[in-house]
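Asks: Got a structure here, written out as structure tokens. Questions coming.
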Amino acid sequence: MNKQEEEIRKKSPVNIRNKKASFEYFFIETLTAGIVLTGTEIKSIRAGKASLVDSYCLIVNGEMWVRGMSVSPYFYGSYNNHEMKRDRKLLLTKREIRKLQSATKQTGYTIVPLLVFLDEKGHAKMDIALCKGKKAYDKRETLKAKEDRREMDRAMKTFRH
């Protein structure tokens, strides 16, 4: 990810994160994919009414899909409002999909959505990652490192004042 892409993510009015992902998995490779949405879904996402909790990606017939992503029904939507937890297609190149498909055939590897954001044109994009699951001792190590960083930040703040 280059500086320009990072700036787009920071400036985006919508940043829906999968906070559990970094605790549960090691990220091997990260990609950005477009999401195929209906009219009321994009309105709900722009309002920040979406969640990536317990969502994952799968490849079916050479197409990438995200399953378990929750997009709340649009408040002003009428009878043609969308389903809350339907599978949504992700837009990637065939080469990227083949690469991810071959990687996920190895045991312990999966594809997890990390972030939903809007690009400069207003299109919904999703960062996905090829991940390897962490063991229990890895999770404890991650928690310890996080706690150590917090302690150091606290110490630096008190030292400055």
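Every number here is computed from the coordinates shown, using simple stated rules; none is lab data. Note that this is a predicted model, so its numbers are computed, not measured. Backbone-built Cβ (ideal geometry, glycine too); neighbour counts: all protein chains shown.
Asks: Using a Cα-Cα cut-off of under 28 Å, which lysines could be cross-linked to Lys11, ignoring same-chain neighbours fewer than 8 residues away?
Replies: Lys3, Lys19, Lys20, Lys43, Lys49, Lys85, Lys89, Lys121, Lys125, Lys146, Lys157
Asks: Also, I was wondering about something else. Roughly how far apart, in whole Å, are the Cα centres of the stretch 49-83 and the stretch 121-161?
Replies: 27 Å
Asks: Further question on the same structure: Using 1/(1 + (r/R0)^6) with R0 = 30 angstrom and r between the beta carbons of Glu120 and Phe26, what's the FRET efficiency to the nearest 0.05?
Replies: That gives a FRET efficiency of 0.45.
Asks: Next question, about the same structure. Placing unit charges on C-beta atoms (Lys and Arg positive, Asp and Glu negative, everything else neutral), compute the dipole magnitude of the chain about its Cα centre in debye, rounded to 20.
Replies: 260 debye
Asks: Which chymotrypsin sites (Phe, Trp or Tyr not before Pro) in the stretch 79-127 sit in a loop by DSSP (not H, G, I, E or B) and have at most 14 other Cβ atoms within 10 Å of their own Cβ?
Replies: Here the chymotrypsin sites (Phe, Trp or Tyr not before Pro) that fit, given the DSSP loop and packing criteria, are Tyr79.
Asks: Charges at C-beta only: +1 for Lys and Arg, -1 for Asp and Glu. How large is the resulting dipole of the stretch 52-111 about its Cα centre, in Debye rounded to 20?
Replies: The dipole magnitude comes to about 300 debye.
Asks: Let me ask something additional. Let me check against my output: what whole-number percent is the relative contact order of the chain, with C-alpha pairs under 8 Å and at least 6 apart?
Replies: Working: 266 pairs, mean separation 48.1, N = 161.
Computed value for the chain: 30 percent relative contact order.
Asks: Next question, about the same structure. To the nearest 0.05, how large is the calculated FRET efficiency for Phe75 and Asn15 if R₀ is 22 Å and r is the Cβ-Cβ distance?
Replies: Plugging the Cβ-Cβ distance into 1/(1 + (r/R0)^6) gives 0.60.
Asks: When the Kirkwood radius is taken over all Cα pairs of the stretch 32-161, what Stokes-Einstein diffusion coefficient follows at 4 °C and 1.567 mPa s, in µm²/s?
Replies: Working: Rh = 17.2 Å.
Stokes-Einstein gives a translational diffusion coefficient of 75 µm²/s.
Asks: Okay, next question. Taking the dipole about the Cα centre of the stretch 38-149, with the C-beta of Lys and Arg at +1 and of Asp and Glu at -1, give me whichever of Ala129, Leu91, Gln101 is farthest to the positive side.
Replies: Gln101
Asks: Further question: If R₀ is 45 angstrom, what is the calculated FRET efficiency for the pair Ala155 and Asn61, using the beta carbon separation as r and rounding to 0.05? Don't skip to the answer; put the middle values down first.
Replies: Values: r = 54 Å, r/R0 = 1.20.
About 0.25, to the nearest 0.05.
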